[in-house]
Amino acid sequence: MKVFDFQSTTAIQRVFLLRTIAIILQLSIVIAINFIMSMQIALLPLLIIIAIETLFHLLSIFYFKNRPVDHKAILIQIFADVTFLTILMYFSGGATNSFVSLLLIPIVIAAVSLPTRFLLLISVSAVLAYTGLLIQMPVHTIHHMDMSNHFIGMWANFLLSVILITFVVGAMANAITNRERLIAVQREDQLRKEQLLALGVASSQVTHQLASPLGNLQLLFDELIEDYPNDQAVLSMKKPLKQCTEQLGYFRTLATSIRENKNEIYLIDELLEQLRDCVQLNFPNIKLNTVASLALKTQQIETDAMLLPALLNLVQNGVKANEDNSSNKIDLNVYIEANYLNIELRDYGNGISVKRASLGQKLVKSETGLGMAILLSNSTLERLGGTLRLYNHSVQGAIAHVTLPIM
């Protein structure tokens with residue numbers, strides 16, 4: 001048997017549920033007062049108001065069944081509750097009605113469901129409703145048995161309750177919402193760190209396991225090159241083996257730099273030169289069109305050895321995107337703005353689809369992989385105090401926009 005969980009419902013569902021209960025109670029109280037307690041009330045107007053409220057309630061449920069709900073929609077619903085309650089009070093004693101304090105309930109609902117500006121609107125509307133009910137009371141009722149001070153005191157008490165609920169409950173609701181949002185962000189960050197740690201451990205294991213076979217292949221190559229110095233098949237092995245050896249050594253250097261937490265100061269011009277050299281070495285068929293500000297020559301940046309691989313991962317992602325359109329161009333635009341180094345890498349592929357919009361934040365499964373390179377690059381940039389944004393170019397392709405603080 002499934003147990004109803006009130007906390008798992010949405011804000012609009014809670015409003016509908018509470019209004020359903022309110023309509024049932026309103027109808028029950030009106031019938032009980034008129035037929036059981038035999039008290040004289042305006043029965044017909046009250047029943048008409050409850051009928052209109054019920055119709056509005058059913059139409060609202062039907063309207064929002066398959067539609068998105070924003071804060072303005074909830075504001076209108078709660079404002080309608082204030083209106084119906086006020087009209088019911090008007091035909092059943094006005095400010096003398098013992099249920100007039102029910103006008104506080106819409107304020108409480110607004111406090112836990114709406115932003116502060118909308119909460120203030122509901123609070124003001126409730127105060128104005130109570131004030132209107134007090135003003136509309138007959139003069140002989142106010143002065144009967146000298147009750148004027150009592151009714152004014154009730155109004156003042158209602159106003160004080162509204163202020164307390166608006167600011168105290170509203171502040172508590174905002175604090176809870178912010179805390180839940182922060183916990184959700186920390187949970188996502190922790191999950192991403194665990195994924196990165198798992199990737200790092202797997203990479204270290206693979207690198208360690210490749211060291212011995214690569215060394216054996218190097219020894220075999222040295223023997224083969226002595227016996228067959230002019231064989232093209234043997235000569236073609238030289239460059240790949242050299243690249244593997246260099247990459248393995250570079251990985252060890254990166255691991256040592258991370259372990260010892262070493263930061264170095266680079267001239268931005270030197271960093272860009274290293275990036276261009278790496279692109280030329282790893283992607284010789286790519287034309288890297290660089291546009292850099294002259295002010296970069298004297299600017300410095302403090303970073304570690306992971307920045308260059310992070311940028312190279314973004315270039316590699318652009319190279320893969322270019323393959324879809326048989327393009328070989330990558331645009332590199334570098335400039336300084338507001339004490340931040342801005343690096344824009346544009347490819348000429350098909351752009352970023354909606355399904356891949358969360359690239360860099362988590363692993364995203366696609367035909368080309370899981371987005372590990374972008375995830376690692378984003379993690380590196382965040383650790384260095386920078387950011388990574390991915391978005392489509394207005395004409396063609398996508399842009400990876402990196403910002404990093406400069407010294």
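The values are calculated or read from the model by the stated rules, or taken from the named source; none is laboratory data. Being a predicted model, the structure only gives us computed values, none of them experimental. Every residue, glycine as well, gets a Cβ built from its backbone with ideal geometry; the counts of neighbours run over all protein chains shown.
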Review point. Of (1) surrounded by fewer than 12 Cβ atoms within 10 Å (Cβ to Cβ); (2) modelled with pLDDT of 85 or more; (3) of a type outside the set (Ser, Thr, Tyr); (4) over 23 Å from Thr10 (Cβ atoms), Leu59 satisfies all except one. Which?
Key: (4)
Point to revise | Subset of segment 41-73 (residues that are of a type in the set (Gly, Ala, Ser) and assigned to a helix (DSSP H, G or I)) | key: Ala51, Ser60, Ala73
Practice item. Within segment 348-407, track down each residue that is modelled with pLDDT under 75, surrounded by 16 or more Cβ atoms within 10 Å (Cβ to Cβ) and closer than 20 Å to Ile286 by Cβ. Key: Ala373
Revision key, fill the gap. If we ask which residues in segment 279-319 are assigned to a helix (DSSP H, G or I) and surrounded by 14 or more Cβ atoms within 10 Å (Cβ to Cβ), their number turns out to be 16
Exercise for review: Could you pull out the residue among Arg14, Arg117 that is part of a helix (DSSP H, G or I), in the same structural domain as Asn178 (by TED's automatic domain parsing), surrounded by fewer than 16 Cβ atoms within 10 Å (Cβ to Cβ) and among the basic types (Lys, Arg)?
Suggested key: Arg117
Review point. Is it fair to say Ala11 is within 27 Å of the chain's Cα centre (by Cα) and modelled with pLDDT under 85?
Key: yes
